[in-house]
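Working notes, beginning with the structure itself.
The values are calculated or read from the model by the stated rules, or taken from the named source; none is laboratory data. These numbers were taken from a predicted model, which means no experiment stands behind them. For neighbour counting, all protein chains shown are included, and Cβ atoms are generated from backbone atoms with ideal geometry for every residue, glycine included.
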Amino acid sequence: MTGVTSAPWRDSCEFDRFDIRYLKVKDSAEKFAVVQFGVCPFRWDAHRNSFISHPHNFFVFPHRQEHLSGGGGGPHEFLCQTTSMDFLAKYQFDFNTCINEGVSYLSRAQENEALERLNSRYVDEFFDLKEVPDMPLVSITDVLFSERMKNLLREWRDRLLRERNGMSWLQVSVNESKSKEQLQTVFYKMRPALCLNGFTSHQLKLIQLVTKKHFGDLIYVRHEAESPCLQHYVVYTDSDSDRNLLMKEVKDDYYGGAEKKIKEAIGFRHVIDLLSAEQKLIVGHNCFLDIAHVCNKFLHALPLTAEDFVFSVNKYFPYIVDTKILLNAHNVIKMKKSSTSLSSAFSLLCPQIALGFNKSTNVPLHPCVNVEVEVDNTRSCQWSSGVKHEAGYDAFMTGCVFAQACSHLGIDFKHHSPTENLVHNKKLQKHLNLLYLSWTSGDIIDLNSGNMTTESLISKTSPKILFENLVLFWGFPSKLKRREIKECLSKVLGALSVVSVHRLDETAVFVQFSKAEFVSKFLVLKESLERSDDVISALHPLSKLLEGGNTCAAGYETYKEICSSPISKVLFADQAAAIGIRWKTKLVESSMEAQTVCKKGYDKGNAAQCLVSIEKSKIDMKKPVADDPPSSNEVIDTFYAAEVAQITASKL
């Protein structure tokens, strides 16, 4: 792949909900290209008690298919991430071979779209030879050219009729002095015709009009040969039935040729179609992003939700196993989180195949499942040509790790019937179609049901994340540190009001409050302060956070809205502006009932009770801030009354 994340803030983080994690994977699969694809079928050979593997490594590249009719081969654009390019170069990836010889492809959706356009063009009036759009002759040059062509065509047709029983007309026409290079007599579909060469597109339109207007037995024909260029003819027909037959033959040729080119452009997708049709077990290693790339590049555009994605994947690939799941499923082979890379798992579980047993492994001795490699009809127990991080070799390693993991789970391939489908094995079924949506957080998605669960891979000391308690900030002064943001909020809402502050990038942070009510309370206060814009507001503890007038804040659903956009700006604040966010505060969707907030005031050493009532009606989250907010002075006085009371109490 040419990259993983299109912007720093799109990196997976602990504050990502399941649906957000999917949106980030979706963005990655849509933005970046697959440049190498590895496939390695495994077949159990009962006579040799060994798997026979057939590794294949394909360079793929989304070449522009200019020859496709109807624009089915439009331009392909993709991003390149410098870290990914460095990684490919480090492992000797052949960029020249990929670009120059990489197999192109069309997704099923692109193929269907091209065929639909072709069908519409087949019956469209523009491609119906009977219909030629009229064009007025606006210049003397057009008039003279049209008259000249009319005379040449009439002369050619008359000579043809006079000499139709002989071949002398051919020689006469070819020797035409000024027109012999532009008008050549040939046969087109067993009919005499003039081949038009060296004319401009405008002149060809004029010739077409002259043919239609003055000659009932001549037909103007455009024929697409093997080359992308169109060839133009004026063809003679000797009857109406012959004319209709020729028109049908031309249109059928056009449709057949265009359809053939669309089928040829499918390219590498034939491999994906074969894998899907066979309904075999697909094995990957931490492969959720890989599956997303396969769907986006070779099937159709990725759906907006993870639920729809699961349905689509299950339709084409009903049986998928992630070796990451297997490596964490059994106590014998359970590996440390830092040791579950493909190459590490391959070395630890398949030491004989990896050429050298790793003595430091914690995995107990276990008979290694035999795997032989067959390349160019030659079998071997070793594959010396394999290179780590080459797609074909990675596919081979993944299959070996899977075979060995199955052996540790108690699956004995020696007693496995060749006619029995491995996916029906009870010891494997509970691991089928479970993929890590995020390995670092332990989020697992079930491709059968769409359900998502979180697996506790390590003990977490950080507090549980409650998404309804989160507020998203962006556009604040860049000099502010997380500690300063937390201090600003704690001064207003209380020392224990803020649980954590997580930075998305230099322009945005997530703040998790201890209670959901702090979210709405803060957003109302922020909106009020910005509307009042007076001296008191400037002295408020939040003024440091709101300095510059560009600070925006909203609930978690706004984060989802921003992540779902196909736009990817480097900075989060720029991303929010790019998708059209113009407001500064978006209140959470909730109904704030009338509340009574008691504040303490001080008058000559005596405490007094102050009663302030703030009412807020339900706010539509899909619209900017309401036009009639609560009085800013009321809100500000409320919070300042609390501070005065605290200061006074401390002096007593």
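Take Asp27 and decide whether it is surrounded by fewer than 20 Cβ atoms within 10 Å (Cβ to Cβ), assigned by TED's automatic domain parsing to the domain that holds Val313 and not basic (Lys, Arg). So Asp27 fails the test. Assess whether Asn100 counts as being of a type outside the set (A, V, I, L, M, F, W, C) and either in contact with a Pro (Cβ under 6 Å, 6 or more places away or on another chain) or under 30 Å from Leu230 (Cα atoms) (or both). Yes, satisfied. In segment 313-351, of all residues being among the aromatic types (Phe, Trp, Tyr) and part of a helix (DSSP H, G or I), the one that is modelled with the lowest pLDDT corresponds to Phe346. Applying the set (1) within 35 Å of the chain's Cα centre (by Cα); (2) in the same structural domain as Thr585 (by TED's automatic domain parsing) to Lys491 leaves exactly one unmet item: (1). So which residues in segment 486-511 are of a type in the set (Val, Ile, Thr) and more than 20 Å from Asp11 (Cβ to Cβ), if there are any at all? Scanning segment 486-511 gives Val492, Val498, Val499. Close contacts from segment 3-16, counting a first residue that is without any contact (Cβ under 8 Å) to a residue 40 or more places away in the chain and a second that is β-branched (Val, Ile, Thr), with Cβ to Cβ under 6 Å and a gap of 6+ residues or different chains, come to Asp11/Thr5. Among the residues of segment 205-253, those identified as farther than 25 Å from Asn119 by Cβ, without any contact (Cβ under 8 Å) to a residue 60 or more places away in the chain and out of contact with any strand residue (DSSP E or B) (no Cβ under 9 Å at 6 or more places or on another chain) are Lys213, Gly216, Ser239, Asp240, Ser241. Kindly evaluate Gly216 against the criterion of being on the phi > 0 side of the Ramachandran plot, out of contact with any helix residue (DSSP H, G or I) (no Cβ under 6 Å at 6 or more places or on another chain), among the small types (Gly, Ala, Ser) and in a loop (DSSP other than H, G, I, E, B). Answer is no for this residue.
Taking segment 546-577 only, how many residues are without any contact (Cβ under 8 Å) to a residue 60 or more places away in the chain and more than 24 Å from Arg531 (Cα to Cα)? Looking only at that region, the number is 4. Would you say Val294 is in a helix (DSSP H, G or I), under 19 Å from the mean Cα position of the chain (by Cα), at pLDDT 95 or above and closer than 23 Å to Asn421 by Cβ? Yes.
Look at (1) within 30 Å of Asn151 (Cα to Cα); (2) assigned by TED's automatic domain parsing to the domain that holds Cys295 and you find that Ser241 fails only one, number (2).
When Leu470, Leu539, Leu457, Leu496 are screened for being surrounded by fewer than 21 Cβ atoms within 10 Å (Cβ to Cβ) and modelled with pLDDT of 90 or more, only Leu496 passes.
Within segment 375-397, none of the residues are part of a helix (DSSP H, G or I), modelled with pLDDT under 85 and either of a type in the set (Val, Ile, Thr) or farther than 29 Å from Ala292 by Cα (or both). Taken over segment 122-180, residues that are of a type in the set (D, E, K, R), under 56 Å from the mean Cα position of the chain (by Cα), modelled with pLDDT under 75 and surrounded by 12 or more Cβ atoms within 10 Å (Cβ to Cβ) amount to 2. Gln92 falls short on exactly one of the conditions (1) modelled with pLDDT of 90 or more; (2) closer than 25 Å to Gly38 by Cβ, and that condition is (1).
To keep it simple, each residue is scored yes or no on (1) over 27 Å from the mean Cα position of the chain (by Cα); (2) farther than 30 Å from Ser341 by Cβ; (3) crowded, with 20+ Cβ neighbours inside 10 Å.
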{"position": "Glu249", "(1), (2), (3)": "yes, yes, no"}
{"position": "His270", "(1), (2), (3)": "no, yes, no"}
{"position": "Leu274", "(1), (2), (3)": "no, no, no"}
{"position": "Leu302", "(1), (2), (3)": "no, no, yes"}
{"position": "Val310", "(1), (2), (3)": "no, no, yes"}
